[in-house]
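Below: one structure, written as structure tokens.
Computed from the coordinates by the stated procedures, all read-outs in this text should not be read as laboratory data. Treat the numbers as computed from the prediction; the structure is a model and nothing was measured. When we count neighbours, we look across all protein chains shown, and the Cβ atoms used for this are built from the backbone with ideal geometry, even at glycine.
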Amino acid sequence: MELRGRFFSDKEGRYRFRTIKPTGYKIPMDGPVGDMVRAQGRHGWRPAHIHFLVGAPEYREAITVLYMADDEHIDSDTVFGANESLITAPKRSDPASPFGTLPSIHFDFKLASAADVGSGRVGADPSQIVKRTAEAQ
């Protein structure tokens with residue numbers, strides 16, 4: 001269990017998943033990274049967040065995170081990642097939700113067209129590596 005999942009949207013791009021609310025954590029403070037963080041007088045804590053890799057055919061993939069607004073380190077993320085546009089707070093769901101009135105987050109991810117960048121994959125695109133290997137033979 002690495003707390004990972006793969007989800008697919010419906011025809012309107014909607015998706016749902018149920019999880020636990022994340023908590024913040026302290027980065028490893030040993031070695032040169034810890035030395036640098038301490039030299040800056042920083043605490044080493046990351047605010048609670050959830051990672052996302054979002055993709056769709058003909059669009060560029062996006063890798064991002066959503067931060068929990070009520071985390072005590074939201075204004076002092078040790079890696080300066082908590083951008084206001086990515087901060088959210090769970091709210092009580094609509095009773096019509098499949099999860100009832102459990103707290104939920106609504107966030108609309110927006111993807112850019114991949115028309116000018118090839119596959120749109122972030123990093124190496126395995127399908128292109130296989131294709132180039134086959135062409136070279």
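Brief remarks on what is shown
- Sparse-neighbourhood loop sites, GluC sites (Glu not before Pro) in region 35-106 - DSSP loop, at most 11 other Cβ within 10 angstrom: Glu58, Glu72
- Estimated at 0.36 nm per residue, the fully extended path between Val122 and Val79 surpasses their Cα-Cα distance by 13.3 nm.
- Between Val54 and Phe8, the simple spin-label model (points 7 angstrom out along Cα→Cβ) gives 1.9 nm.
- For Lys11, no aspartates and glutamates have a Cα closer than 13 Å to its Cα, not counting residues fewer than 8 places off in the same chain.
- Label point at Val65 placed 7 Å out along Cα→Cβ; residues across region 83-111 whose backbone nitrogen lies under 13 Å: 83-84, 86-88
- Residue of Ala39, Ala48, Ala115 that the Gaussian network model of the chain assigns the largest fluctuation, springs spanning Cα pairs under 10 Å: Ala39
- Projected-area average for the chain over all orientations - Cα convex hull basis, square nanometres: 12.7 nm²
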